[in-house]
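K.L.:
Below are the structure tokens for one structure; questions will follow.
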Amino acid sequence: MKCPYCAKTDNKVIDSRLSKDGRSIRRRRECLGCERRFTTYEKLEDVLPMVVKKDGRREAFNREKIISGIRKACQKRPISMTKIEEFTDVLESYFQELGTKEIESAEVGEKVINELRGWDEVAYVRFASVYRQFRDINEFMAELEGILKSKQARRDKDP
């Protein structure tokens, strides 16, 4: 490991700790050259499936792309980054544990959209409008009416 301060590779590990989720190790190191301390993280390399897009293209599973899409949908909504990152961790683990080499982008999108539906209706509609590619206001209104009907059904069910 190269020291971020002096670029020497001689260092020693002072402390090692397992992360909260148990998927990485935090190591505190001291450079033997300049004697400054720095932190590194060690984690098992993920073997994630390729994502097959609607047009047939394939691209690597990209956690940051998922977080970015969710963040845009949740902009100015009461949803924390911690919640978004925790969900993305669960989603990433789910697809990793499937053990398949490829997944459809629609499967990723449906998992995200179903989670957003439970979090916040505005974030859900924002994501759905991009993900489902509404062509006109009628498709958008049909989605909103579906939300209103399910909300009304929940109210009618609760005394």
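K.L.:
Looking at the range 1-28, which of the residues that are within 29 Å of the chain's Cα centre (by Cα) and basic (Lys, Arg) is surrounded by the most Cβ atoms within 10 Å (Cβ to Cβ)?
P.N.:
So, considering only residues that are within 29 Å of the chain's Cα centre (by Cα) and basic (Lys, Arg), the one surrounded by the most Cβ atoms within 10 Å (Cβ to Cβ) is 27.
K.L.:
Could you tell me whether residue 59 is in a strand (DSSP E or B) and in the same structural domain as residue 100 (by TED's automatic domain parsing)?
P.N.:
Yes: the conditions hold for residue 59.
K.L.:
Given (1) touching a residue at least 12 places away in the same chain (Cβ under 8 Å); (2) over 14 Å from residue 115 (Cα atoms); (3) not polar (S, T, N, Q), where does residue 59 come up short, assuming only one miss?
P.N.:
Checking residue 59 against (1) touching a residue at least 12 places away in the same chain (Cβ under 8 Å); (2) over 14 Å from residue 115 (Cα atoms); (3) not polar (S, T, N, Q), the one that fails is (1).
K.L.:
Look at residue 95 and say whether it is buried (at least 16 other Cβ atoms within 10 Å of the Cβ) and either assigned to a helix (DSSP H, G or I) or not assigned by TED's automatic domain parsing to the domain that holds residue 20 (or both).
P.N.:
So residue 95 fits the description; yes.
K.L.:
Is it the case that the range 113-133 has a residue that's in contact with a Gly (Cβ under 6 Å, 6 or more places away or on another chain), in a helix (DSSP H, G or I) and at pLDDT below 95?
P.N.:
yes
The values are calculated or read from the model by the stated rules, or taken from the named source; none is laboratory data. Here the structure is a predicted model, which is why all the values come from computation and not from measurement. No Cβ is skipped: glycine too gets one built from the backbone with ideal geometry, and neighbour counts run over all protein chains shown.
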